[in-house]
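Worksheet for the structure shown next.
The values are calculated or read from the model by the stated rules, or taken from the named source; none is laboratory data. Values in this document were obtained by computation on a predicted structure and should not be read as measured data. Virtual Cβ from ideal backbone geometry, glycine too; neighbours counted across all protein chains shown. Surface areas here come from the heavy atoms of the whole protein model, side chains and all, with no ligands, DNA or RNA. Shrake-Rupley method; radii C 1.70, N 1.55, O 1.52, S 1.80 Å.
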Amino acid sequence: MIEVRLHGRAGQGMVTASEILAKAVNLEGRHSQAFPVFGSEKRGPPVVAFCRIDDKPIIIHEEITEPDFVVVADHSVLKSVDVCMGLKPKGFVLVNTPKPANELLLNAKQVYTIDGTEIAIRNFNKPIVNTVMLGAFVKLTKIAKLESVLTALEDKFKGKFPEQVIEANKNTIKESFEKMQVKKVAHSIV
């Protein structure tokens, strides 16, 4: 089983990102589940979303305490949340930040960064980074095919958003997928 924990702030779309990832692996014949944990239900406070992926049905329904991977949509969360808590030894952390990975001083062997906010602002005029982080994460893990993620996004957004919003999100996933540098790994403070 693969377990992913996604950290962000309310309104950044990390719950949606976990749902799209779960749907993408379903399209490829695997089982998944995605669910959030909210604190305060307003824009801005920290939010955690979870995604489990397996080749067989998933019967666990609790929060993920020992993730294989951690995705952080807002680097300011690092000041208040230990995003590395329980991270498996071979796991990694992906953080949205303009800083290089070695400046983050995270308790993880592998840390990747991408300036997701810059990509989101350029594409949406808003710092909604869920699709940015999703594209980068899929590039790093190869957990799902890019085409499956794009189809899952379209399935999730169709009828809820105009076609130009759907296309902008698909293009953002493709852009972050292309920009994510798999070889740039920082060993932090373990």
From Cα pairs below 8 angstrom and at least 6 apart in sequence, can you work out the relative contact order of the chain, rounded to a whole percent? 23 percent
Checked against the positive end of the charge dipole of the range 1-151 (+1 on Cβ of Lys and Arg, -1 on Cβ of Asp and Glu, about the Cα centre), the farthest of Thr113, Ile20, Phe124 is Phe124
Could you work out how far apart the two model spin labels at Met1 and Lys158 are, taking each label as a point 7 Å from the Cα in the direction of the beta carbon, and quote it in nm? 3.1 nm
Out of residues 5 or more away from Tyr112 or on other chains, whose amide H comes under 5 Å of its own, with H placed 1.01 Å from N in the peptide plane? Val93, Leu94, Val95
Sequence of Met133, Met1 when ordered by accessible area, the most exposed leading, probe 1.4 angstrom: Met1, Met133
Using a 1.4 angstrom probe on the protein heavy atoms only, line up Asp155, Asp115 by accessible area, largest first. Asp155, Asp115
So with the 1.4 Å probe, I'd like the accessible area per residue for the chain, rounded to whole Å². 50 Å²
Fraction of antiparallel bridges per DSSP, the chain only, in percent to nearest 5: 55 percent
In order through the range 54-71: 3J(HN,Hα) via Karplus (6.51 cos²θ - 1.76 cosθ + 1.60), integer Hz, x for Gly, Pro: 7, 7, 10, x, 9, 10, 7, 9, 10, 4, 8, 9, 10, x, 7, 9, 10, 10
Full extension between Ser76 and Leu105 adds, at 0.36 nm per residue less the Cα distance, a length in nm of 9.1 nm
About the Cα centre of the chain, what is the dipole size in debye to 20, counting +1 per Lys and Arg Cβ and -1 per Asp and Glu Cβ, all else neutral? 300 debye
Could you order His75, His61 by accessible surface area, starting with the largest, using a probe radius of 1.4 Å? His61, His75
Tell me the mean residue ellipticity at 222 nm calculated for the chain from its helices only (DSSP H runs of n ≥ 4, each -39500 (n - 2.57), averaged over every residue, nearest 500). -10500 deg cm²/dmol
Can you pick out the pairs among Lys126/Lys160; Lys109/Lys139; Lys99/Lys139; Lys99/Lys158; Lys88/Lys139 whose Cα atoms lie more than 26 Å from each other? Lys99/Lys158
Measure of exposure for Glu66: accessible area at 1.4 Å probe, Å² rounded to 10, is 110 Å²
Among the aspartates and glutamates, which have Cα under 15 Å from the Cα of Lys179 when same-chain residues fewer than 8 positions away are ignored? Asp115, Glu118
